[in-house]
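The values are calculated or read from the model by the stated rules, or taken from the named source; none is laboratory data. Model, not experiment: these values are computed from the prediction. Every residue, glycine as well, gets a Cβ built from its backbone with ideal geometry; the counts of neighbours run over all protein chains shown.
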């Protein structure tokens, strides 16, 4: 599927001052919202229900953005305002800079067909259609010829692991397989943006985990822009690049999973996340330290020994001139090189050092650190040394704000 990045810094989706009021006189509720009244106070005074309260956020191209909250928080209402399955009361929804709230019915239909795909909690499959025809339904509505839509449908069925089930019917498939069909149907038209409303909530825990993994795998290949609604914090932390936590129709905090866990915006957020195992979310990048100093492969052993002596350390990390990680030099090996009158340390470097990427979660780091006599190094995709991790840093990273709490 083609790359559909937004040009420049233009967000793929931008929601501005968006509110939704359910009732016959929304203007009264909007006026009270602007005066700072709560959702419950407005309901009591006006009998109008606040679905979404002045939502503002941006979703970047190829980002997975999660709307999260308890039942009644407004997350699904906000999601459905984005594609106008629910009409907002006030505000803007910009997709690639175009406010779809200003679009007429024909333009809105085109935007939904070409830019927006949606996966629902309930699979919403046609029981009388085969799996292949279910997946191709949207393409059929668009007027594509049979051969073309079946080719596109087969492609996404293969992608979601349902090759061989083309001629089956929904009732013959498990819940997880049916949800894969729903996902394939949303992907068949190759939308820029995928809207997923509690897509995995109806599945058994094991199947749900498999679908989360499947989504992460697909996203690594497709690089779609995804807006995902869930009430499950663990699910949000697993799949979301950023999370918007909602309460009473309002967004109370937006940030990465790590930011929300370590710096909750208020007491509500703090209580919401207090039972989360923080080691599952914190990453190597969040606990790594900059190495106090390094030497290069061109440096001599005496320079290395001098730097180790100045800092009171018994080993030092070695990089190339362009900061690519090469290994570690111990004081003993440096001394041996010096006594052998070597001009460089190149042949004395220990290369068997544990390495992780910046996104490695702490749960994976802990056994690596436990089995290693050396600090763990954090390496970027191009091999550049980003930082080092020592046991103390991991333990410190698992402590929630300590005395500040």
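Observations, loosely collected:
- Of the numbered criteria (1) buried (at least 20 other Cβ atoms within 10 Å of the Cβ); (2) over 24 Å from the mean Cα position of the chain (by Cα), the one residue 95 fails is (2).
- Meets criteria (touching a helix residue (DSSP H, G or I) at 6+ places or on another chain (Cβ under 8 Å) and under 29 Å from residue 189 (Cα atoms)) for residue 65: no
- Among residues of the stretch 261-296, those that are at pLDDT below 85 and under 30 Å from residue 340 (Cβ atoms), counted: 3
- When residue 70 is tested against the conditions (1) surrounded by 22 or more Cβ atoms within 10 Å (Cβ to Cβ); (2) part of a loop (DSSP other than H, G, I, E, B), the lone failure is (1).
- For the residues 86, 111, 50, the requirement of being assigned to a helix (DSSP H, G or I), touching a residue at least 12 places away in the same chain (Cβ under 8 Å), more than 16 Å from residue 198 (Cα to Cα) and assigned by TED's automatic domain parsing to the domain that holds residue 247 singles out 111.
- Looking only at the stretch 347-371, residues that are surrounded by 12 or more Cβ atoms within 10 Å (Cβ to Cβ) and either farther than 16 Å from residue 315 by Cβ or touching a helix residue (DSSP H, G or I) at 6+ places or on another chain (Cβ under 6 Å) (or both) come to 14 in all.
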